[in-house]
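Below: one structure, written as structure tokens.
The values are calculated or read from the model by the stated rules, or taken from the named source; none is laboratory data. Everything quoted here is computed from the prediction, not taken from an experiment. Glycine gets a Cβ as well: all are built from the backbone with ideal geometry, and neighbour counts include every protein chain shown.
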Amino acid sequence: MATLTLAESGCPSGLAPAEDRDARRADPAAFVRRDAGGRDTLELLIQGAKCAACIRKIESGLLALPGVSDARLNLSTARLRVAWSPGAVAPAAITDALARMGYGASAFDPAAAARQVDEEGRKLLRYLAVAGFAAMNIMMFSVPVWSGDGEMGEGTRTLLHWISALIAIPAALYAAQPFFRSAGTALRARRANMDVPISLAVFLTLGISIAETLQQGEHAYFDGITMLLFFLLIGRYLDHRLREQARTAARDLLALQSVTASRIGADGRVVAIGAGDIMVGDRLILASGDRAPVDGVVEQGVSDLDRSMLTGETLPQSVRAGDVIHAGVINLSQRLIIRATARAQDSSVAELARLIEAGEQGRARFVRLAEKAAALYVPVVHSLALATFVGWMFGPALLRLAGLDVADVGLRVALMNAVAVLIITCPCALGLAVPAVQVVATGRLFKRGVLVKSGDALERLAQVDVAVFDKTGTLTLGKPRLVSAVAPDVLRTAASLARVSRHPLSRALVEAAGPGVATADAREIPGEGIEAGGMRIGRRTFAAPQCADANDGAAELWFASGDAPPVRFAFTDALRADAAQTIAALRQRGIAVELISGDRPVAVEAAAREAGIEHWVASASPSDKTARLAALRAAGKKVLMVGDGLNDAAALAAAHASASPGTALEASQAASDLVLQGAALMPLVEAIDVAKMARARALENLRFSALYNVIAAPLAAAGLLTPLIAALAMSGSSLVVTLNALRLQLGWGRS
């Protein structure tokens, strides 16, 4: 039995020492749980998984184990969930399989996962600082050697090499730790990644430089290797910062469930308990303003529920004894007593969280440009360096067999030229090519009020060809607004009644009326309205039953006072000011637009008509939305989802790219790639434009990196490059890709 830790996997640990020791001793069997389907499940925190290839490797490897029916890795949270038939596989076999694949694992703990991310960022900054300090100081001793042009004495040159070595050796061995660990993990798993040639270049370059210094040779590469690490760590840290901004929506969504609840005991006493301790059949008190902690059935009371975050429905739902309520809804009016019909982990909100995690896991399979480039880089560079070594080592002998008079160059020259290939083809430009563009692009969008939460979001956003909008709170402002023209005195009198209610339409009426006082003896009747002193305001059937139904689909309140004719207040959820302009701009860019909402058909149709959207769907549940996105994906479409509510969170996570307004629920913002600050939607169009420009700049950088290597590699293989040329070439290539990325900040190169 093997319980893995970060140290064993060769990955940087995010655990404190005591916690790390506890993780080593922990038996994974202690964390096995039985799910609703009767399967055993285990949740693990995975260390070392960085890309889509890691997801495929881990999931396919675990699914190959006997009895394992499901394995899902969420890359943004590093949480792996494995399910299997009871008794089919031992939990230790799962951690053993992960160890053989080269990944660390421990019992999943959200706090430990957050610490792991924070510690990784701090370590990268330390590595970067050490590499930068070493590179700058070594240059002071290397420049005199380069510029000496044979005039410098052998003793002076050797002394400068030794001083450089004293700085470079400890600095390089420390700063290269991220690459060493990653390469070691890959090699133990019998695979190669971009960090393998980097690590090989570090060891060989240090070894050759030390040997040259011992032999009082003319050239040493201490400056080149520290510069290499410095530029690579810049790219690694930029990439980490962008990844760190991606937060899990499932965690924020589950936080919406109340952490405590009031349970009525068998003796009638009320006790406060944690939401996780609620059992099926428990009787709970849901006070006005409380959020339901679990799914349940109303046993006593009448009230109104705010379901907008779950369904997108703008109007509250009236409930009474026997009606079903779902976790996450807010009780607006009177106290309710409910009977729990599900535990917190089986509630509708928990199911939404599982949908979100599934969507995030699927989106994490996206292969980024940098990963594609790295997949080509590794075998090409290894092959070229090996060919260089073989050519210089055995080439002269073959040429002599062919009749040519060629002298042997020996192991030293063959090895130095091979290492020169590894150095000159260093992935500095490749490592900076994509992160530099992403950082500049996200900075530009931030100034325009668009928060980009992950680097690969821009790559995905550049590919979208269908935009799917939610209505309430996304295409619209998300709050009712009075549109009826009524006499000011009638408005003030009606508002005096409405001030005692938390109903959204009452709040809208009060806002339209302005400051005032509430009627002292007003009494709210849940699900109906408010009455006081011969006045009533609320539903038509309550306040004005003699009036005919307006039947125009608008949200409404009726007000009656004595013998005066009843007055109807109509409300609308107005579109954002630039909604129609945004839809038109998307269409101009060849992006089809759809509207899908959980609201009433009449409200959705009106919003679609005003915004200029032809295809719309109403009364859609969260699963309906994800199903529509799945259908579009199956048709080969790349979907951009824009939404703000809990009912949108699963679709936001499942979409190819996603966005939410700044007023959206935290769970929806967490599930989104972009967050739009302010009330405007047009910044979304600019984000798409910038994403396409960023993709073009990234591809230009990758093409430049390839061209640079095509030119530099043959020169290095031929033994024609000096340390000065190698250092200038490395610095120059990194500078070029950085300057090209800065074109985005200046708005150049629109594509």
Q. If you scan the range 65-108, which residues turn out to be over 28 Å from the mean Cα position of the chain (by Cα) and assigned to a loop (DSSP other than H, G, I, E, B)?
A. Leu65, Pro66, Gly67, Ser85, Pro86, Gly87, Ala88, Val89, Ala90
Q: Within the range 131-185, work out how many residues are under 47 Å from the mean Cα position of the chain (by Cα) and assigned to a helix (DSSP H, G or I).
A: 38
Q | Unmet criterion (only one of (1) at pLDDT 80 or above; (2) of a type outside the set (A, V, I, L, M, F, W, C); (3) not assigned by TED's automatic domain parsing to the domain that holds Asp306) for Glu218 | A | (1)
(Q) Suppose the filter is closer than 30 Å to Tyr221 by Cβ and either at pLDDT 75 or above or not assigned by TED's automatic domain parsing to the domain that holds Leu228 (or both); does Ile356 pass it? (A) no
Q.
Just to be sure before I move on: is Ala659 at pLDDT below 90, buried (at least 24 other Cβ atoms within 10 Å of the Cβ) and in the same structural domain as Thr472 (by TED's automatic domain parsing) in the structure I sent?
A. no
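Scan the range 274-286 for residues that are surrounded by fewer than 16 Cβ atoms within 10 Å (Cβ to Cβ) and either in contact with a strand residue (DSSP E or B) (Cβ under 7 Å, 6 or more places away or on another chain) or not small (Gly, Ala, Ser) (or both) and jot them down. Write out each step before concluding.
Taking the range 274-286 as the starting set, the residues that turn out to be surrounded by fewer than 16 Cβ atoms within 10 Å (Cβ to Cβ) are 274, 276-277, 279-281.
Correct list: Gly274, Asp277, Met279, Val280, Gly281.
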(Q) Between a residue in the range 726-741 that is on the phi < 0 side of the Ramachandran plot and modelled with pLDDT under 70 and any residue that is among the small types (Gly, Ala, Ser) and part of a helix (DSSP H, G or I), which pairs come within a Cβ distance under 8 Å, given they are 6 or more apart or on different chains? (A) Ala726/Gly224; Ala726/Ala420; Ala726/Ala716; Ala727/Ser142; Ala727/Gly224; Met730/Gly224
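Look at Ser308 and say whether it is out of contact with any helix residue (DSSP H, G or I) (no Cβ under 7 Å at 6 or more places or on another chain) and either at pLDDT 80 or above or over 30 Å from Ala706 (Cβ atoms) (or both). Before the answer, list the steps.
On the way: out of contact with any helix residue (DSSP H, G or I) (no Cβ under 7 Å at 6 or more places or on another chain): no; either at pLDDT 80 or above or over 30 Å from Ala706 (Cβ atoms) (or both): yes.
No: the conditions fail for Ser308.
Results for (1) hydrophobic (A, V, I, L, M, F, W, C); (2) within 28 Å of the chain's Cα centre (by Cα); (3) not assigned by TED's automatic domain parsing to the domain that holds Ala671, shown as yes or no for each residue.
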site: Ala592; (1), (2), (3): yes, yes, no
site: Leu595; (1), (2), (3): yes, yes, no
site: Arg600; (1), (2), (3): no, no, no
site: Ala603; (1), (2), (3): yes, no, no
Q. How about the range 493-527: which of its residues are touching a residue at least 60 places away in the same chain (Cβ under 8 Å) and crowded, with 18+ Cβ neighbours inside 10 Å?
A. Thr493, Ala494, Leu497, Ser501, His503, Pro504, Leu505, Ala508, Leu509, Glu524, Pro526, Gly527
Q: Taking only the range 78-128 into account, find how many residues are β-branched (Val, Ile, Thr) and at pLDDT below 80.
A: 1
Q: Could you grab the pairs with beta carbons closer than 6 Å, sequence gap of 6+ or different chains, first residue in the range 638-654 and surrounded by fewer than 24 Cβ atoms within 10 Å (Cβ to Cβ), second one at pLDDT below 85 and not aliphatic (A, V, I, L, M)?
A: none
Q: Among what's in the range 629-643 and is of a type in the set (A, V, I, L, M, F, W, C) and touching a helix residue (DSSP H, G or I) at 6+ places or on another chain (Cβ under 6 Å), pick the residue that is farthest from Ala654 (Cα to Cα).
A: Val642
Q. Is the range 322-343 home to any residue that is at positive phi and either assigned by TED's automatic domain parsing to the domain that holds Leu187 or modelled with pLDDT of 80 or more (or both)?
A. yes
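Of all residues in the range 457-489, which are small (Gly, Ala, Ser), assigned to a loop (DSSP other than H, G, I, E, B) and closer than 21 Å to Ala670 by Cα? Full working, then the answer.
Of all residues in the range 457-489, those small (Gly, Ala, Ser) come to 457, 462, 467, 473, 478, 484-485, 487.
Okay, now just the ones that are also assigned to a loop (DSSP other than H, G, I, E, B), so 462, 478, 484-485, 487.
Across the range 457-489, the qualifying residues are Ala462, Gly478.
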Q: State whether one or more residues within the range 40-58 are over 26 Å from the mean Cα position of the chain (by Cα), modelled with pLDDT of 75 or more and outside any loop (DSSP other than H, G, I, E, B).
A: yes
Q. Any chance the range 170-184 includes a residue that's crowded, with 18+ Cβ neighbours inside 10 Å, closer than 16 Å to Ile424 by Cα and of a type outside the set (Ser, Thr, Tyr)?
A. no
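When the residues of the range 465-481 are filtered to those that are surrounded by fewer than 24 Cβ atoms within 10 Å (Cβ to Cβ) and of a type outside the set (D, E, K, R), which remaining residue is nearest to Leu575 (Cα to Cα)? Full working, then the answer.
First pass over the range 465-481, keeping only residues surrounded by fewer than 24 Cβ atoms within 10 Å (Cβ to Cβ): 465-466, 477-479, 481.
Remaining after also requiring of a type outside the set (D, E, K, R): 466, 477-478.
Working: Val466: 20, Leu477: 6, Gly478: 9 Å.
Looking at the filtered set, the residue picked out is Leu477.
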